[in-house]
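Here is the structure we will look at.
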Amino acid sequence: MSGLAVTGGARAALAALRLERFALIGAVIGLTIVAATLSPAFLTLGNLRDIFTQAAPLGMVVLAQALIMLVRGIDLSVASVMASAAVLATAFTSTDNADIPLIFGAVLLGGAVIGGINGWLVTRRNVSPLLATLAMMILLQGVRFAYTQGAPSGLLPSGFRWLGTGQIYGIPVNLSVLLILALGLWVMLRYTMLGRAIYIIGGNPRAAELVGLSAQRVTMLCYCLGSMLAGIAGLFLVGFVGTVDNWVGRGYELDSIVAAVIGGVSLAGGSGSIVGALLGVLILVLLSNLVVILGLPVEFQLILKGVIIILATGLYARRMRA
């Protein structure tokens, strides 16, 4: 009887997961229909390309946030990492495109260090993820303002504009990079030992330790990868914007959490997918565009995000009780 119960429970969980994914796809289709009805120009190729170009940097940050949330974490420093990466990109003495690989290397290294510190505080010092990453956000802001004296003055290599706004066979460059990163993370989470360890640790860290998995090491790795992804997102965002200031990516820490929650990534860890997280990004972007199409004040975007978080957490709590 117990075996049948376990099998039935597993089937019910799988059915619920599939239902959630269909619901997300249905929401995307519904919002698209509404937007196209309100504005026939919405479905033009140029407009859709612009939407995906704008959404790609957020998608990269959502990948980072989702990865960290899977191990019961959260990262409020991702937007500050993005801005720091943008400032770092102007710190080189020349604007030669040959420096772009060096800039990416420096940002990845810096992201690994920042994520390592966040992970160390959370796993080794038992600091709340919220407080640890909030402290890192403030620290990076202080370092950034001290370095720039409040106004970044460097120039970006021209190649960054192509990375942020260019196209390859009509497909935005940054969207292509987002899809490659997402595919890599999806394969890792679905088919590797590390991916299985991430879900096990997020679901029950104590049980993971009992079966020989190092929750501390895996969690630290997720924070490192998350900060590296946020740094990459910052470089692509600054390429899209075309200018650098100390607040590049401001608000992305909230948007990334909202999109991940919309996409079904659990705030309690151990549940969620890369596909769902990206669908969450698409829903959030479509909602933002609807606000613009309807001519509503931009504050309505914040109201919608708050309502979405309340609904998503309420649904999660209901699922947990069931």
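Could you check the stretch 103-156 and list, in sequence order, the residues that are touching a residue at least 24 places away in the same chain (Cβ under 8 Å), polar (S, T, N, Q) and surrounded by fewer than 16 Cβ atoms within 10 Å (Cβ to Cβ)?
Of everything in the stretch 103-156, just one residue is touching a residue at least 24 places away in the same chain (Cβ under 8 Å), polar (S, T, N, Q) and surrounded by fewer than 16 Cβ atoms within 10 Å (Cβ to Cβ), namely Ser153.
How about the stretch 80-133: which of its residues are more than 21 Å from the chain's Cα centre (by Cα) and assigned to a loop (DSSP other than H, G, I, E, B)?
The answer is Thr90, Ala91, Phe92, Thr93, Ser94, Thr95, Asp96, Arg124, Arg125, Asn126, Val127.
Please work out if Met220 is crowded, with 18+ Cβ neighbours inside 10 Å and under 30 Å from Ile51 (Cβ atoms).
no
We did not get these values from a lab; they are worked out from the coordinates using the rules stated. Remember, predicted model here, so these are calculated numbers, not experimental data. Cβ: placed from backbone, ideal geometry, glycine included. Neighbour counts: every protein chain shown.
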